[in-house]
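Student: To start, I am sharing the structure in question, which I have written as structure tokens.
The values are calculated or read from the model by the stated rules, or taken from the named source; none is laboratory data. Being a predicted model, the structure only gives us computed values, none of them experimental. When we count neighbours, we look across all protein chains shown, and the Cβ atoms used for this are built from the backbone with ideal geometry, even at glycine.
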Amino acid sequence: MLHPIAVISQKTDLPQDLLRAWERRYQAVVPTRTASGRRMYTDEDLNRLLLLKKALGLGHRIGDVASLELDTLEGLVGAVQPAEVARPSSSPTTLGAQDNTTPLLEQAWRAILILQGDQLAQTLDQASLELSLRAMLETVVIPLLQRVGDHWHRGELRIAQEHLATAVLRSFLGTQLLRRRLQLDSPVLITATPQGQRHELGAMIAALNAQDCGFDVVHLGADMPAEDIAAVAQLRGACAVALSVMHLADGTQLLNELERLRRLLDSRLPILLGGAQAWTALQLLTSTGRATGFVQLAGLDEFRMLLGELTHRP
């Protein structure tokens, strides 16, 4: 059976730009073409792409595995069925957490379902008083965002419920950012989302974690052009930039923004990528040979470890 690229993209959860890049640069798969030039993929192509994705999730580089025979790939990652392959660990926010239910999480969720914004705000405030910042984020805020995202994608949440949750959480996280006291001479971290990325809650969570690790955080918000991010990083003498990438509706625009930012920043300044599409964004950069200086954030522990390394840089 033959499949157009849109179907392959949906089945593999790989953006079409990345599929074209893997074909052009590595010949990972070479689809046939219709008379009008449309790419058509076989079931074997689909299986191969799923295996390649699994291999990358295990830490292999696309350039090292793209030319492997199918049986070699299967031996490398273990024989898998398409439905068993999932995107490497990521989350709807900058940092991952398990949805281990807690009373505060359930209270917050009920408030969203019945559209009680004040009740949601009170529950979040209660969590901030009863828990450490890290525990609050890991057991309430991040699982709540994951649950909202999961139910939204399944069509089980109204637009009003999703918007209310986002508005209250944005207000709450913003207030938390303003409450944190800084020490003199703290290292500076810039947080934002690139131009075209309008979901900033993940970047705000990253900002709070960095503050908790002793950083002076400059949170620029959503949809920031590369030129502005770079200008602020230079003005404030930042040691790193952390970006949240949540969607890839236009992978070309995102790739252009990230490459532009990399050119504008000091080559020694790392760009940390988090969010649901951070892994895919990094693969797009790798496919063009421009991933140097970018680091994917896979979870809270790794992020805090990276922040610790940044504080010890000369």
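Student: Taking only the stretch 32-75 into account, find how many residues are part of a helix (DSSP H, G or I), crowded, with 16+ Cβ neighbours inside 10 Å and aliphatic (A, V, I, L, M).
Tutor: Total satisfying the criteria: 10.
Student: Can I ask one more? Tally the residues that are within 17 Å of the chain's Cα centre (by Cα) and either part of a helix (DSSP H, G or I) or of a type in the set (Asp, Glu) (or both), restricting the search to the stretch 13-23.
Tutor: Pass one, the stretch 13-23, residues within 17 Å of the chain's Cα centre (by Cα): 13-15, 18.
Still in the list and also either part of a helix (DSSP H, G or I) or of a type in the set (Asp, Glu) (or both): 13, 18.
Final tally of qualifying residues: 2.
Student: So, of the residues in the stretch 171-200 that are crowded, with 24+ Cβ neighbours inside 10 Å and among the aliphatic types (A, V, I, L, M), which turns out to be nearest to the chain's Cα centre (by Cα)?
Tutor: 192
Student: Just the residues that are touching a Gly at 6+ places or on another chain (Cβ under 7 Å) and over 24 Å from residue 300 (Cα atoms), please, taken from the stretch 210-253.
Tutor: Selection gives 250, 253.
Student: What are the pairs with Cβ atoms under 7 angstrom where one residue, in the stretch 129-141, is outside the structural domain of residue 303 (by TED's automatic domain parsing) and of a type in the set (Ser, Thr, Tyr) and the other, located anywhere, is at pLDDT 90 or above and in a helix (DSSP H, G or I)? Sequence gap at least six, or different chains.
Tutor: The qualifying pairs are 139/105.
Student: Now a separate question. Return the pair list, or none, for Cβ contacts closer than 7 Å from residues in the stretch 92-119 that are hydroxyl-bearing (Ser, Thr, Tyr) and modelled with pLDDT under 95 to residues that are surrounded by fewer than 20 Cβ atoms within 10 Å (Cβ to Cβ) and not in a helix (DSSP H, G or I), at least 6 apart or on different chains.
Tutor: Close Cβ pairs satisfying both conditions: none exist.
Student: For the stretch 215-248, which residues satisfy the criterion of being in a loop (DSSP other than H, G, I, E, B) and surrounded by fewer than 14 Cβ atoms within 10 Å (Cβ to Cβ)?
Tutor: Listed by number, the list holds a single entry, 237.
Student: Which condition number does residue 155 fail, the rest of (1) on the phi > 0 side of the Ramachandran plot; (2) touching a residue at least 60 places away in the same chain (Cβ under 8 Å) being met?
Tutor: With respect to (1) on the phi > 0 side of the Ramachandran plot; (2) touching a residue at least 60 places away in the same chain (Cβ under 8 Å), residue 155 is out only on (2).
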